[in-house]
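So the structure is just underneath, and the comments pick up after that.
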Ligand code: R5P
């Protein structure tokens, strides 16, 4: 049985189709004090998979309640898929007095499950914080699917060094083109600065790739640089299309031609499903 989190319904349904499992119908109620109650409408059986991105505090709480409901209903073998692991970018205490936020999240998730699978966490080192077997998969190669087959001398560009491997995987999956990355310095939660690129971009098609588009500040600056360099078509691809606040508008105003991502976060640009790769990874997990 697949148990869908409140923000991962489309991906859960795709995964059910790919793994030939049923989808759990769930009732959710909120009490006047704000507390939530979840209720399964069918018995889950002895083996189940919770699929729940933690895009917000409420989504994270929903995941914990679903895990507990599964155990309460007699599930003995529980896999938790966290397609987008919230707080993954808070992977250290940046100042004295701060928590390692992702560790707190991971510990809470690990208590309710036998294993965890996530997708492109910001750093794979976050997997060490789960007290149960935890793995991640990378979907960068799948981002080649929507690309036009006739890109002109394509440049696969990462907005920072940390995303260069994603750009390389995407280029390899596409089959041609060059790979480069920009040098980024974050100035605030919404703004970044970038060193001008040495790469020749004039009249080339450029594919920007990152693990996540959050406020859009990173991509907007990279697009601005490519436009200054007279790039032709510019496409922004990401695994997790968070698109917080006015990110979509920022990218449109910066001059992007297309934006797309996967359904680890369900947005209108989520044109690629993580389900086939998640299904393979679940089958490969040692039991
Ligand atoms: C940071 O290293 C990440 O890979 C992304 O580049 C970043 O989190 C994107 O955030 P934003 O869209 O807010 O610039």
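Annotations for the structure displayed:
- Taken along its principal axes, the alpha carbon cloud of the stretch 157-203 reaches lengths of 36, 22, 13 Å, longest axis first.
- Most mobile of 265, 209, 234 in a GNM of the chain (Cα contacts under 10 Å): 234
- Label point at residue 286 placed 7 Å out along Cα→Cβ; residues across the stretch 117-133 whose backbone nitrogen lies under 20 Å: 117-118, 125-133
- Sequence of 238, 138 once ranked by neighbouring C-beta atoms within 10 Å, starting from the fewest: 138, 238
- With Cα atoms, 0 to 90° folded angle of helix 101-110 axis to the chain main axis: 40
- Prolate/oblate/rounded label for the stretch 181-245 (Cα gyration tensor, a/c 1.5): oblate
- Global form of the stretch 107-197, assessed from the alpha-carbon gyration tensor, a/c cut-off 1.5: oblate
- For the chain, modelled as a GNM whose springs connect Cα atoms under 10 angstrom apart, the maximal fluctuation among 266, 183, 41 occurs at 41.
- Antiparallel DSSP beta bridges within the stretch 157-287, percent to nearest 5: 20
- For the chain, the convex hull spanned by the alpha carbon atoms encloses 136 Å³ per residue.
- Förster radius 45 Å - calculated FRET efficiency between residue 153 and residue 33 (Cβ-Cβ, nearest 0.05): 0.15
- For the chain, the relative contact order comes to 14 percent (Cα pairs under 8 Å, sequence separation of at least 6).
- Fraction of antiparallel bridges per DSSP, the stretch 1-153 only, in percent to nearest 5: 25
- A Förster distance of 30 Å, applied to the separation of the beta-carbon atoms of residue 198 and residue 95, puts the FRET efficiency at 0.30.
- Counting other Cβ atoms within 10 Å as a rough exposure proxy, the listed residues 47, 14 run 47, 14 from fewest neighbours to most.
- Taking the centroid of alpha carbons for each part, the stretch 153-232 and the stretch 25-40 are 42 Å apart.
- Rounded to the nearest 500, the helix-only mean residue ellipticity at 222 nm of the chain stands at -8500 deg cm²/dmol, with each DSSP H run of n ≥ 4 adding -39,500 (n - 2.57).
- Computed label-point distance, nm, for sites residue 233 and residue 187 using a 7 Å Cα→Cβ extension: 3.2
- Inter-label distance, nm, simple model (7 Å from Cα along the C-beta direction), residue 178/residue 245: 3.5
- Taking every DSSP beta bridge that has both ends in the chain, the antiparallel portion is near 20%.
- With Cα atoms as the point set, the stretch 1-114 shows a radius of gyration and Dmax of 14.7, 48 Å.
- Ordering of 22-34, 77-89, 152-164, 193-205 by packing [mean C-beta count within 10 Å, highest first]: 77-89, 152-164, 193-205, 22-34
- Exposure proxy order (Cβ contacts within 10 Å, fewest to most) of 92, 184: 92, 184
- Multiplying the residue separation of residue 132 and residue 61 by 0.36 nm and removing their Cα-Cα distance gives an extension gain of 23.7 nm.
Bear in mind these aren't lab numbers, they're just calculated from the coordinates by the rules spelled out. Every value quoted in this text rests on a predicted model; they were computed, and no experiment measured them. With ideal geometry, Cβ positions are generated from the backbone for all residues, glycine too; neighbour counts draw on all protein chains shown.
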